[in-house]
Each structure stands twice: as structure tokens, then as C-alpha cells.
Amino acid sequence: MNREAIFAALYTLVTAGGQFATTGRRVKIWTDVKPAQRPALFLAERAQTYLRNSEAVPARVTLNAELYIYTDAKDPNVIGSTQLNNLLDAIDVALAPSPVTGKQTLDGLVSHCWIEGDIFFDPGDVDGDGMAIIPLKILVPT
């Protein structure tokens, strides 16, 4: 397992579409990302889970990550949920599994990478700062 190669491949995959004005592998708080720098996407590496069924079996390793998306919805003519929905759709497309294998393997580095769990979704209707947090799971081959 090469964690750095895995997260670098994930970052390249989710930023390749060019729909984000700002991207990074270090999360910034939304107040530090100016409206002109949005939409923005940040990749955060999170917990790493090792599961072992017996001493004779290698651990099953799952890497956890989150994608933070920030949008600017301060313009009253902009519908914040539309912005976020379009960006979430782009992430779905980027992480789509191969039609052949049914898995997203990050170019063969992992067994599978997918979205799992609740996506935090705030379109920015109240303050004009839209945000989504997307939970990801990455199953590493043993």
C-alpha cells in the first residue's frame, strides 16, 4: 500500500474536470476562501481502519477521506442548491466505477473507492456560503 500515491490519484481524479477555481489537499475554512476563489474543493484524509478476522489473515484496510466543496451563493439570482447539485454530479461522474469491473480502482491502486454515508449539504441560502462535505471510503488490497 502506498498511501501517498492513493490520495494523489484520488485528488487528480476529482479535480480533473476543471470545474473548481481552487483546489487543495489541505482543507481551508470557508471564510478563508474568498468568493472569487469558489467553487473550491479540498481533500481531507481521515481515519484509517484495519480489520482482521484472524491472525492468519492479512488486515482489510479502509482509508477514509472527505471532499469539502465551497460555493458562493451571495448573488440573489444564484440558486445555491443548483450549484452544489451540479458539483456533486461532477464528483459522482469522476468516481463512477468502471463499466467493465464495476469498481473505481484509482488506476489499479486500490480495490475500490466510493462515496459512503451522509453528504452534508448547505446551499448557502442564509449566508451565501454554500458547502458540501462528501464522505469517501477507499478499500486497499491486501
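Here, each number is a calculation from the coordinates, and none is a lab measurement. In this text, all values refer to a predicted model and were calculated from it rather than measured experimentally. With ideal geometry, Cβ positions are generated from the backbone for all residues, glycine too; neighbour counts draw on all protein chains shown.
Below is a table of values for the structure above.
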{"read-out": "Filter result (under 19 Å from Ile115 (Cα atoms) and charged (D, E, K, R)) within region 1-42", "value": "Arg3, Arg25"}
{"read-out": "All positions within region 13-30 that are in contact (Cβ under 8 Å) with a residue 40 or more places away in the chain and over 16 Å from Gln83 (Cβ atoms)", "value": "Leu13, Val14, Ala16, Val27"}
{"read-out": "Conditions (1) surrounded by fewer than 16 Cβ atoms within 10 Å (Cβ to Cβ); (2) farther than 30 Å from Thr142 by Cβ; number of the one not met by Tyr50", "value": "(2)"}
{"read-out": "Tally, over region 53-74, of residues that are among the aliphatic types (A, V, I, L, M), over 16 Å from the mean Cα position of the chain (by Cα), surrounded by 14 or more Cβ atoms within 10 Å (Cβ to Cβ) and within 20 Å of Thr142 (Cβ to Cβ)", "value": "1"}
{"read-out": "The lone exception for Gly124 - which of (1) within 24 Å of Thr12 (Cβ to Cβ); (2) outside any strand (DSSP E or B); (3) touching a strand residue (DSSP E or B) at 6+ places or on another chain (Cβ under 6 Å) it fails", "value": "(1)"}
{"read-out": "Residue in region 83-97 that is in contact with a Ser or Thr (Cβ under 9 Å, 6 or more places away or on another chain), surrounded by 12 or more Cβ atoms within 10 Å (Cβ to Cβ) and under 17 Å from Cys113 (Cα atoms) present", "value": "yes"}
{"read-out": "Considering residues of region 37-46 that are in contact (Cβ under 8 Å) with a residue 24 or more places away in the chain and either of a type outside the set (D, E, K, R) or farther than 18 Å from Thr12 by Cβ (or both) only, the residue surrounded by the most Cβ atoms within 10 Å (Cβ to Cβ)", "value": "Leu41"}
{"read-out": "Residue list for region 93-127, restricted to those being acidic (Asp, Glu) and within 17 Å of Lys137 (Cβ to Cβ)", "value": "Glu116, Asp118"}
